Amino acid sequence: MDHAVRTDTDAEAGIGTIVLNRPKQRNPLSTSVMQEVTAALRELSADTAVRAVVIAADGPVFSAGHDLSEMVDRTLDEERAIFDVCVEMMETVQQIPQPVIAAVQGPAIAAGCQLAASCDLVVASENAVFGTPGVRIGLFCSTPMVALSRSVGRKRAMQMLLTGETIDAHTAADWGLVNLVVAADDLDAQVRALIAKIVGASPLTLQIGKQAFYRQIDLPQDGAYTAMAETMATNAVTCDAQEGMAAFLEKRTPVWRGK
């Protein structure tokens, strides 16, 4: 029996991949799927061979969002439980030490758009579209709004949220939701090429930097500088920073030791 979520590891390339695997159902983010994704993220995060994590999907659709069949005739507490699971998954994407890259091959809708926006980087096929159409069914995309508005800014986020219209991959890139738009048959290769540019860095430094980015992004400027000055000072005394600076001065390749 096929699993709703499949996990693959390429230790040689340092890549762990989480694949949404319900293409006939448009890869819905049911409660069980979200729990599986969260568990897979945590499992991969503990694997020292995994330097980056890719979230991808089988079939023509990345994800159509929440499984609405779970959300009809439910109590308030039951609805809360669904969104608690959703928030946990989105936050785990940003909490694990490795960079997480969304490989979006098709429509990423509602919570599917939220999942892509929550990733550290997004590479999209030219076939991808992004949208938050909950307003059309009486359920405003309030949790997707959190990730979306932090990627594309207020006016553009409100346009997507209020109209429910989708935007194509090139527009998503122009608006800041997507890093790269590539040909459909080149998606996997371009994701790997992007990861190859990242994984040469110290794993410890990447972890420090990723955590620092999300910690400072919504702080006022003075608070951000205070927090990041301390972060950079503590980063500077780590073994890998000392090794990297010494290697630069000595014109040699650094040897990373930090985890």
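Each reported figure results from applying straightforward, stated rules to the coordinates on display, with no laboratory input. A quick note: this is a predicted structure, and the numbers were derived from the prediction, not measured. Counting neighbours? That spans all protein chains shown, and the Cβs are built from the backbone with ideal geometry, glycine included.
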Residue check, G59 against (1) closer than 24 Å to Q94 by Cβ; (2) touching a residue at least 12 places away in the same chain (Cβ under 8 Å), all met but one. Which one?
(1)
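So which residues in segment 182-212 are under 20 Å from G59 (Cβ atoms) and of a type in the set (A, V, I, L, M), if there are any at all? Spell out how you get there, then give the answer.
Pass one, segment 182-212, residues under 20 Å from G59 (Cβ atoms): 182-191.
Residues satisfying the conditions are V182, A183, A184, L187, A189, V191.
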Any residue in segment 42-58 that is closer than 24 Å to S125 by Cβ and acidic (D, E)?
yes
Residue list for segment 173-187, filter: buried (at least 16 other Cβ atoms within 10 Å of the Cβ) and not aromatic (F, W, Y):
A173, L177, V178, N179, L180, V181, V182, L187
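If I ask for residues that are of a type in the set (S, T, Y) and surrounded by 13 or more Cβ atoms within 10 Å (Cβ to Cβ), which ones from segment 226-259 would you list? If you could, list the steps in order and put the result at the bottom.
We begin by selecting, within segment 226-259, every residue of a type in the set (S, T, Y); these are 226, 231, 234, 238, 253.
Answer for segment 226-259, where residues must be of a type in the set (S, T, Y) and surrounded by 13 or more Cβ atoms within 10 Å (Cβ to Cβ): T226, T231, T238.
Yes or no, residue by residue, for (1) closer than 24 Å to D67 by Cα; (2) surrounded by fewer than 18 Cβ atoms within 10 Å (Cβ to Cβ); (3) among the aromatic types (F, W, Y):
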site	(1), (2), (3)
P133	yes, no, no
R136	yes, yes, no
P144	yes, no, no
L148	yes, no, no
G153	no, yes, no
M158	yes, yes, no
T171	no, yes, no
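Only one residue in V191, V237 is within 26 Å of Q98 (Cα to Cα), hydrophobic (A, V, I, L, M, F, W, C) and in contact with a strand residue (DSSP E or B) (Cβ under 6 Å, 6 or more places away or on another chain), so which one is that? Please lay out each step first, then the result.
Values: V237 fails: in contact with a strand residue (DSSP E or B) (Cβ under 6 Å, 6 or more places away or on another chain).
Answer to the check: V191.
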